[in-house]
Structures are given as C-alpha cells and as structure tokens.
1. Among the residues of the stretch 12-28, are any of a type in the set (D, E, K, R), surrounded by fewer than 20 Cβ atoms within 10 Å (Cβ to Cβ) and closer than 30 Å to Ser150 by Cβ?
2. Spot the failing condition for Gly198; the list is (1) buried (at least 20 other Cβ atoms within 10 Å of the Cβ); (2) part of a loop (DSSP other than H, G, I, E, B); (3) modelled with pLDDT of 85 or more, and only one is missed.
3. Considering only residues that are under 15 Å from Gln323 (Cβ atoms) and of a type in the set (Gly, Ala, Ser), look in the stretch 344-381 and name the one that is nearest to the chain's Cα centre (by Cα).
4. State whether one or more residues within the stretch 328-342 are at pLDDT 90 or above and surrounded by 15 or more Cβ atoms within 10 Å (Cβ to Cβ).
5. Can you name the helices (runs of 4 or more DSSP H) wholly within the stretch 62-146 that have at least 3 residues being at pLDDT below 90 and surrounded by 18 or more Cβ atoms within 10 Å (Cβ to Cβ)?
6. Name the single residue that is surrounded by the fewest Cβ atoms within 10 Å (Cβ to Cβ) among those in the stretch 295-306 being farther than 15 Å from Ala236 by Cα and out of contact with any Gly (no Cβ under 7 Å at 6 or more places or on another chain).
7. Please go through the stretch 391-419 and give me each residue that is in a strand (DSSP E or B) and farther than 22 Å from Glu432 by Cα, ordered by number.
8. Name the helices (runs of 4 or more DSSP H) wholly within the stretch 238-290 that hold at least 1 residues that are under 12 Å from Gln431 (Cα atoms) and among the polar types (S, T, N, Q)?
Amino acid sequence: MHPRDLNPGSLLWLPEVEASVLGSLLLDNGAWDRVGDILQARHFGADHAVIFDVIASLVVANKPADVMTVYEELVKLGKAEEVGGLSYLNSLQQTVMSSANVRRYSEIVLEKALLRGLIEAAEKVKALALEPGPMTVAERLDQAQSALQSVQVQGGRTMPTAISESVVALLDRIQNRADGTEPRGISTGISDIDRLLGGGLKGGKQVIVAARPSIGKSSLAQQFALNAARAGHAAAILSQEMPKDDLVERGAANLGRLDLSRIISGDLADDDWSRLTEAVEHMRGLPLFLDDQAALTLADIQAKARALKRQHNLKVLILDYIQLCAAGDKDNRHHQIEQLSRGLKALAMQLDITVITLSQLNREVEKRTSGRPVLSDLKESGSIEEDADVVMLLSRMGEEKDGFRVIHCDIPKNRQGKTGGVTLGFQGQYQEWTATVAPPEEYSRPVRRQYTQEV
C-alpha cells in the first residue's frame, strides 16, 4: 500500500514525521548513525523515499548531504522538480531545530510503514481466499503466510556491538556455567554426544542428523526431543514420514521400556499395562508437541515454530526429514533444498532454538567397503553441510542381533566443539539409544530409563 492511496489525515502515514527525519539528516549528517540501522527508502512515501535514497547514497559515500548537494543529485536523476524542488528541500531543513529526536521520529516512520504493509498483506490474503482459480487451499495458505512474513522482514537492520560488550557477557556466561547457574546445553540423553557438543544442544544452532533409510535417525531425534521435554524444555517434532499416533507409540515404548511390537498389536502382559499407563501419564505432562503435516514448506515450518516459541518458549525443533518438504513449481530441487537449509538456520538464530534437521544420504555411501558416510553424501544439496553447525552421520556396524544394532555416529563438522565419532547401541523394540554398547541379553528385562537433565 502506498501512502498516496490513503485518505488525507490517515494515521497510517505521517508525512510531517517523515519530513522531520529528512530535515534532521540534512541538518546533521551524523544523525545517519541513529537512522540507518532501522530505515530504508521503502519505509517512506514516494517523494520522501527518493530524497531519503539520495541522502543515504551521499552519506554512505562519505560525501556531504546538504540541501544543495542533494538537490544536485536529484537534478541528475531528473527528479528534482518531481519531489518539490529546491524550495521543498529548504523547507525540510527548516522543520527541525535539532536532530536530537531523529531516532524516535525514525521509529514512528518504521511503525507506520509496517502497519501499511500489514494492510497490504491482509488485502492479498483476502484476494487469495476469493480468487476462483484452480489453486488449492494449501497453496493459498502458503502464499498468505508468505505475504504476512514479508511484512516481518521489512523491519530494521541490527547494528554491530563493540567486542567489549561481548567479552563482558562471555566472562559472566563462563562464570555462571562454572557455578552451575547456567546450563551448558540441553542434554541429548547420550553423554558421549553431549561431550562432543560441549554440553548438549544449544540455541541458534542447526544440527543435521543424516543416514541411509532404516538406520534409526528418526528414533534418535525423537529420543533427543523426549529428553529435552523431560528436562522441562519445550520440543516439537514435525514429522512428514510418520503419523502422530506412531510417534506416540514409539514414545511410550521408550519411556515405559515396552516392546513396541506389543504396543502396536495390543498383546500386552499384565505388568506391561501398568508400565504403559505410567508412560502415558508421563507423556501427558511433557512440553512435547507433534505435527504430522506432509509436504511442509519453509513458510509452514516458520509459522509453526514462531507460534510454539511465542506460546510455549520452544527450545528444540525437529524436522523429519528435509527431502520430504514440498517441491517448488519453479525452482529446481537443488535450489529448493538450499533455500530450506538456509531458512532453517536463520530460524534457529532468530528464535534462539536448536533446529535438528534430519536428512537422507545418497547411495554413494553404499559403494564404499567401509560403509561409512562422509559429508559429501548429504543428499541433493551441499548447502545442507554449509549451513549446519553440527553434522551427525549414522551408519550401521555389523549385523543386527536380536533387535540390537550397533551404530556409529560420526560428527565430522562441529563449529563450536570437537569432531569425532561415538559408538551407540540401539534397541529397536524399546526405541532406546544408549552410549554404552551392551550385549542384547542385557535388554531382556524391563528397566526404567534414567534421563540425564541439563549438564
């Protein structure tokens, strides 16, 4: 929506405030330092946007931006008279006596621009709903979410902070960790993995868990989520591969140490029922959220994550798995995965959450005699590797015996920690992962699982 389309006197456009910002900049180019981080030309009405753009280009080029220099640039562009000429530029400078309030004026200009953007987005949403074309409801919702999110990204830029501030914060953070008043991370429940991650899962990070099919990556990620939730941290699983009922059954098997096949068939012994009831009651109280919408778009994921962050202070988000996300009509698959990967990393940083993205590996790993995957095996896009803070590659070691697998977890990339590998044990019937590999016979009797809390 353009300001000229508004009725005179509309509170969604305050040209006098815009004029005060421009006048402050003409009066004092140093005021740019209080304006440039939040305002862009698109936040102004048309004529003011042209003037702002010229002032910005001069200041950024370390050239004086006063009435005469700005007028000269406007003449070169052929827009001097269009925006009011020299007389209007003089009037702008005369509207302010000082640039002291320019920051607040800028904030008002930004607020009004965002409100206009919100109205424009609402009109687009209405048009999408009423359009009689062949577009599906899901496609309309996707475009509606994109329209609303485009308003969010119109906000201002962040400004760099002095390293002195960060250093003080670092000392406080380390002291708090040493005192035990600040957790080092959210435990995965597997001590060897926590050790390599420097204490566990951390906000702002994207963790990739990748494997060939049927290795157990979904189960491992679900155990991460269960452990986070047991420690009081809200976690969510966006599963495009399994319905929510399957996830709940797996969770009951893990928490109650019950045979998953018996849960599925309903063939439970008397003592199984008591453990199942206990596990179900335990799950009822966990801050764990499940979603089984198929063919998710980046906009879908962002919307769900933002809502969970706002309503439940989301800490861990699991996407299972990236290659199942919706394919775009225009972009090739490689480019689409690249956009998803970068969008998920940005989401982790924006919301200060851990995003655990599951990924398939390509068939190259099966051609190696070692059977060990490498980073280049990540399927469909090298950007998955580039955007990840941590990459975990899972591979089977030897044959499965009595439902027990030995899995090698290699961590070849870890931005803020050690790289290396750990050996894990996976007991499929209980959906249980352990750091200590024990022989299958030790799993013959039910034992309550003990979860590690924050470390």
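The values are calculated or read from the model by the stated rules, or taken from the named source; none is laboratory data. Keep in mind that this is a model prediction, so the values were computed, not measured. FYI the Cβ positions are ideal-geometry reconstructions off the backbone, even for glycines, and counts take in every protein chain you see.
1. Within the stretch 12-28, the first condition is being of a type in the set (D, E, K, R), and the residues that meet it are 16, 18, 28.
With the extra rule that they be surrounded by fewer than 20 Cβ atoms within 10 Å (Cβ to Cβ), the set shrinks to 16, 28.
Remaining after also requiring closer than 30 Å to Ser150 by Cβ: 16.
Yes.
2. Every listed condition holds for Gly198 apart from (1).
3. The extreme case among them is Ser359.
4. To start, the set of residues in the stretch 328-342 that are at pLDDT 90 or above comprises none.
No; the residues of the stretch 328-342 include none that is at pLDDT 90 or above and surrounded by 15 or more Cβ atoms within 10 Å (Cβ to Cβ).
5. The qualifying helices (runs of 4 or more DSSP H) are 102-130.
6. Here is the first cut: in the stretch 295-306, the ones farther than 15 Å from Ala236 by Cα are 295, 297-299.
If we keep only those that are out of contact with any Gly (no Cβ under 7 Å at 6 or more places or on another chain) as well, we get 295, 297, 299.
Working: Ala295: 11, Thr297: 24, Ala299: 19.
In this case the residue turns out to be Ala295.
7. Taking the stretch 391-419 as the starting set, the residues that turn out to be in a strand (DSSP E or B) are 391-396, 401, 404-414.
Within the stretch 391-419, Pro412, Lys413, Asn414 qualify.
8. On the way: elements: 244-256, 260-265, 270-284.
By residue number, 244-256, 260-265.
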